[in-house]
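The values are calculated or read from the model by the stated rules, or taken from the named source; none is laboratory data. In this text, all values refer to a predicted model and were calculated from it rather than measured experimentally. Cβ: placed from backbone, ideal geometry, glycine included. Neighbour counts: every protein chain shown. With ligands, DNA and RNA removed, areas are computed over all heavy atoms of the protein, side chains included. Shrake-Rupley method; radii C 1.70, N 1.55, O 1.52, S 1.80 Å.
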Amino acid sequence: TFDFANHGLEALEAMNSKRYDAVLMDLQMPEMDGYEATEQIRSGNSGMNSSNIPIIAVTADTTEKTKARVFAIGMDDYITKPIDADLLYSSVEKALYLENIKLDI
């Protein structure tokens, strides 16, 4: 199952009331963009969700600068729009696998 948030503030509100396995994060949103929302999550402001929850950037921005910033703030992966279903599935599968390894350590 999944939920939608229109911006980062809505995402944080949802995360404070429900547990999630992963986050697909758009970078350009009103109110609070994906960068700031990710920083909030990584700072522990995601309620019952771990600050290590897998976060995958989903963006139309293909610049190396954006890709570097995504990883610098702690996102786990980066995929570009238009979305390739196989790539999305692979990215989510990899993020969940790596999260499970972290939890076992």
Legend entry - Surrounding net charge for ARG42, when Lys and Arg each add one and Asp and Glu each subtract one, Cβ distance under 12 Å: -3
Inset, instruction - Taking the Cα centre of the chain as origin, work out the dipole magnitude from +1 charges on Lys and Arg Cβ and -1 charges on Asp and Glu Cβ, in debye rounded to 20. - result: 220 debye
Legend entry - Cα gyration tensor, the range 1-57 - rounded (a/c under 1.5), prolate or oblate: rounded
Legend entry - Value of [θ]222 nm, deg cm²/dmol, for the chain, DSSP H segments ≥ 4, -39500 (n - 2.57) each, nearest 500: -13500 deg cm²/dmol
Inset, instruction - Could you tell me which of rounded, prolate or oblate describes the chain, using a ≥ b ≥ c as the square roots of the eigenvalues of the alpha-carbon gyration tensor, with rounded for a/c under 1.5 and, failing that, prolate when a/b is larger than b/c and oblate otherwise? - result: rounded
Inset, instruction - When a/c is below 1.5 the answer is rounded, else prolate if a/b is larger than b/c, else oblate, so apply that to the range 35-94 with a ≥ b ≥ c taken from the square roots of the Cα gyration tensor eigenvalues. - result: oblate
Legend entry - Solvent-accessible area per residue for the chain (1.4 angstrom probe, square angstrom): 63 Å²
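By how many nm would the segment from ARG69 to SER50 grow when fully extended, if each residue of separation counts as 0.36 nm and the alpha-carbon distance is taken off?
Length gained, ARG69 through SER50: 4.7 nm.
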Inset, instruction - Would you work out what percent of the accessible area of the chain, with all protein chains in place, is carbon or sulfur (probe 1.4 Å)? - result: 52 percent
Inset, instruction - Averaging sequence separations of C-alpha pairs under 8 Å and six or more residues apart, then dividing by the length of the chain, give the relative contact order as a whole percent. - result: 25 percent
